[in-house]
Amino acid sequence: MNIRTFLADRVRSAMSDVGIPNDYSPHLAASKKAGFGDYQANGAMAAAKAMKTNPRELAQSIANSLDLSGVASKVEIAGPGFINIHLDKQWLSNKLATSCESPQLDVSQKPQQQTVVIDYSSPNLAKEMHVGHLRSTIIGDAVARVLEFTGDKVIRQNHVGDWGTQFGMLIAELETQLTHGEQAELALKDLEGFYQKAKAHFDEDAAFANRARDYVVKLQSGDANVLKLWQQFKNVSLLHSEEIYKKLNVTLTAESVYGESAYNDDLAPVVADLREKSLVVEDEGAQVAFLQELADKNGEPSPVIVQKKDGGFLYATTDLAALRYRANSLNADRVLYFIDARQSLHMQQVFTLARKAEFVSEWMSLEHHPFGTMMGADGKPFKTRSGGTVKLADLLEEAVERAAVVVSQKNPDLTAEEMTEVARKVGIGAVKYADLSKTRTNDYIFNWDTMLSFEGNTGPYLQYAYTRIKSIFRKANLEMDSFNAELLIKMDQEKALALKTLQFSEVIEQVAEEAFPHILCTYLYDLASLFMTFYEACPILKPDVEPDTRESRLMLSKATALTLQTGLDLLGIEVMERM
Ligand code: ARG
């Protein structure tokens, strides 16, 4: 159990001992300022107000019946009725020692495992992945890892765009190229160029355009030949994405792909069902739901088209079908969507309509976790110099190249082999960390120099902190993984570091609930900074350090390294032995 929950339970029971009703919270939080203890319970004030008693006196009587022997070295009342808790160094030592024994560290498994469907990345297969897909892919992946770590059953759903009218054009183009003796893999090597060619043919060649339209119809009616071409196209395009996922160290695989096409047969039944439940009406030939729940400020209901006049279905129809599948076939307790903030209205419409239609149960949690846009230095959405979209593959290649320059300046002694590995991990880690460390809902400015800096809240800084600890162990001729010694926390810097290390579990629980990875980043940055402070104040390998103290400090360093490594791994960022 994490320290905060543990203390909150103790305070709650002391509160109930002094007659405070159970619905009053202890309001327990880590203290923000030095001198106010390690944790503060601020619940006495609200309780006193309701019970019309003196808050300071109430706080004192709570403190008197608070049993923290062996846990806290001091409990004191401050200000109008804060209860400040100073944790005992020996207790922290023991707790940290136990935490280091498990790969889970101090993070407990949820008492109730949930099935969580996470919809992320989800690129359109007609084109290559571009920077616009970066945020969904890496934020979604970090949250998937965190939820899995806390014991949830996570089902990754890559809701790829593999259906729709543009596929008629692409299939017609592929057919043309194949009949000219081209191989599908080669023809589609440059997916972007292929798309441009198809588009040009479609715009300039009327016969081609007719064929493309015909193929859309044939695709929808399941024509074997057209389906085969479509499948070929899809396979090659998915290989492009999988390559990116591998480069990005993202856990999406071929098994996570469940694209729009998978719902094709469900679309007509979804609309029929909505009609039956009188949730849609015919409006100018189209089937439309008018949602009063999402009315604009003039009271006009929000319209959602689920079927066009020509019979075609829409993006929203597919998402409704997907929700039904996620509820009924995947048995999801929670469904998380990592999609750009610009699709917020769409998601709200889908959620509202799905609930009204009872496609999902009342208790199922539907969550859109939106994010802002990645901007260039000019404050406009990130583009190439000539104003084009930046391919994700190119961006990642540049990241690794730039990291190689930075790393070779910092450490010219790495072997060529080490250099390749370090540049890859630092470059990719820097791009991911720069994104993950920003509050998800804001836009942010993409900047190579700041993200690759070894100072500040950056990926390289955290990777470097980890290698620093590794190098202490190398200097001591010790293997960190098997190292074990008694923790004897004495100095304040040691205590601060031990406490921070143990707060990992509180942070992970928060990220699992709120899906904001930057909270984990901020925590890791604070942890690494506290390590540096500790390292300056508390020498480890200097000859005049007592053996017991040295061993304890090595153990504390190991705990820090394990926490950094685990935390970075949950963000999908790799560490290395040296850099
Ligand atoms: N393919 C969509 C796009 O590129 C994103 C899909 C997100 N997922 C969803 N279930 N709508 O905009």
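Please treat every number below as a calculation from the coordinates, not as lab data. Nothing here was measured: the structure is a model prediction, and the numbers come from that model. A quick note on method: Cβ atoms are made from the backbone with ideal geometry, for glycine too, and the neighbour counts reach across all protein chains shown.
Just a few scattered comments:
- Candidate cross-link partners of Lys95 among the lysines, defined by an alpha-carbon separation under 16 Å and a same-chain spacing of 8 or more, comprise Lys490, Lys495, Lys500, Lys558.
- Count of lysine pairs in region 365-464 with Cα separation under 23 Å (8 or more residues apart, or interchain): 12
- Acute angle (nearest 10 degrees) that the helix 191-204 long axis makes with the longest principal axis of the chain, alpha-carbon atoms: 30
- Backbone N atoms of region 180-216 closer than 18 Å to the 7 Å Cα→Cβ label point of Asn264 belong to residues 211-216.
- Cα-based shape type of region 399-554, given that a ≥ b ≥ c are square roots of the gyration tensor eigenvalues and the cut on a/c is 1.5: oblate
- Each eigenvalue of the Cα gyration tensor of region 370-470, multiplied by 5 and square-rooted, gives one semi-axis; in descending order these are 26, 16, 10 Å.
- For region 36-92 versus region 219-239, the gap between their alpha-carbon centres in whole angstrom: 66
- Overall form of region 208-318 per C-alpha gyration tensor (a/c, 1.5; a/b vs b/c): oblate
- Relative intensity, log₁₀ I(q)/I(0), of the chain from a Debye sum that treats every alpha carbon as a point, q = 0.12 Å⁻¹: -1.24
- Taking every Cα-Cα distance in region 156-227 and sorting them into 10 Å bins starting at zero, the pair-distance distribution P(r) comes out as 20, 50, 28, 3, 0 percent.
- Each part reduced to its alpha carbon centroid, region 144-205 and region 335-361 end up 26 Å apart.
- Projecting label points 7 angstrom from Cα along Cα→Cβ for Glu401 and Ala295 puts them 5.7 nm apart.
- With respect to the chain, whose longest principal axis is taken over its alpha-carbon atoms, helix 416-436 is tilted by about 90°.
- Relative packing of 483-496, 127-140, which averages over residues the other C-beta atoms within 10 Å, highest first: 127-140, 483-496
- Relative packing of peptides 354-362, 321-329 - highest average C-beta neighbours within 10 Å first: 321-329, 354-362
- Under the shape rule built on the C-alpha gyration tensor, where the axes satisfy a ≥ b ≥ c, region 455-496 is oblate, since a/c reaches at least 1.5 while a/b does not exceed b/c.
- Restricting attention to region 153-305, lysine pairs at least eight places apart or on different chains and with alpha-carbon atoms under 26 angstrom apart total 19.
- Residues whose amide H falls under 5 Å from that of Asn124, counting only those 5 or more places apart or on a different chain, are Gly161, with hydrogens built in the peptide plane.
- Averaged over residues, the count of other Cβ atoms within 10 Å places the peptides 58-65, 398-405, 461-468, 416-423 in the sequence 461-468, 58-65, 398-405, 416-423, highest first.
- Helix 518-537 vs. the chain, principal-axis angle (Cα, 0 to 90°, nearest 10): 40
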